[in-house]
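First comes the structure, then the notes that go with it.
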Amino acid sequence: MASVPSDDPGGAPLAAGQYAAVPASLEERAEAVAGRAGTRRLARRSRVRRPRATGTLRKGEGFFGWLFVSPALVILVLFVVLPIFLALYVSFTNWSGLTPPLASSVKLVGLTNYKTLLTEPGLYQANFAESFRNVFYYVIFTVPLQTALALSLAVLVNNKFLKGRGFFRSAYYLPSVTSSIAITVIFIYLFQGAGVVNSIFHFFGWRQTPDWIYDQRGLFTLILSAFGVNSPSWGGHLVMGLSAWQWLAGPSLGMCVMIVMVSWTTAGTFMLFFLAALQQISEDIDEATEIDGATPWQRFRRVTVPLLRPTLVLVITLGFISTWQVFDQSFLLGPSNPTDITPGYLAYQVSFQDSAFGMGAAVAFLLFALIVVLTLLQRKFVKEDLTK
């Protein structure tokens, strides 16, 4: 039979089924009870509280959360969501802007406004095609130029050996916070026929200076004409009211002025994006590549640019979206040069000058659809996760 040790060190072992004797005195019993109670309190204190599961809410937290964000949601719904849906409804009507858009006199015309812009030959289709041709050239020239300029400025002001870096950062960023209307007016005076730019050209002996703002010739047309190519036979084929030669003419000189102006004014903002990313790159990486014998250009091309890839994608995406929506520069240059109209300015012109708000809303939503599709395609080809 198995035995159990007794509590008494000098006593004999107890047989199985027997128990040690309970302490006889009350003092010993009290000490035993106090010892067990202290052990339980210590266990309770050392017990780790299990954290709440992620995403779980206490009672009432959801209500107060919605209560705090409700003012912002109300503002967004009233001034963003509802106007968007109202504009979409207007694009299917013949609303002239003289009555409320939901009045009984406003008639639904279905897809008539969209058909007029896309398929029916006429002035609306020609203006619509011309505006999208202009903004297409504007985008493909402006986005690379402003991105390259912003990256160059960021690398320059990030140089630790440059004195007065704070001054140059502020100076390069200043055009971004200056009124675009004021800058456009200044550029009009600079590039008009008797402006400062042509005066400089005259000083250096170039007398055949163009009237930059009013010259309607395309950039590619001017280059090809220098080689004797002038409106070939195949260029007369019409596509949406414009000849093939007009589609391929390139940006007008007035549009080139706008491209230079916008690239200069927006580069300061994107410079800050690149500057913040450059300051996150450890100096140890540059020192290691320098020890390996890499030249400054090799370090920039093979090390810095790949590390800036997420920021580069962000800058290109933001520039891509903003350039498609250009309006204020075209608003000032449009009356002086009708060939420089953009979809944003065309929507304004059709709506407020021709009192055809349904047609203007259709132009705006076609532009919106184009921006969404091209942005998704751009993101698909880049294949970059901005969260990296």
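Quick notes on this one:
- Test: residue in region 278-297 that is modelled with pLDDT under 90, part of a helix (DSSP H, G or I), aromatic (Phe, Trp, Tyr) and within 30 Å of residue 369 (Cβ to Cβ): no
- Test: residue 175 is surrounded by 11 or more Cβ atoms within 10 Å (Cβ to Cβ) and part of a helix (DSSP H, G or I): yes
- Region 202-230: number of residues that are of a type in the set (A, V, I, L, M, F, W, C), in a helix (DSSP H, G or I) and surrounded by 15 or more Cβ atoms within 10 Å (Cβ to Cβ): 4
- Once region 144-172 is narrowed to residues that are out of contact with any helix residue (DSSP H, G or I) (no Cβ under 8 Å at 6 or more places or on another chain) and outside any helix (DSSP H, G or I), the residue that is nearest to residue 264 (Cα to Cα) is 164.
- Top-ranked residue of region 185-201 - restricted to ones that are surrounded by fewer than 16 Cβ atoms within 10 Å (Cβ to Cβ) and among the small types (Gly, Ala, Ser), ranked as nearest to residue 256 (Cα to Cα): 193
The values are calculated or read from the model by the stated rules, or taken from the named source; none is laboratory data. Please read these numbers as outputs of a predicted model, since none were measured by experiment. So basically every Cβ, Gly included, is an ideal-geometry build from the backbone, and we count neighbours across all protein chains shown.
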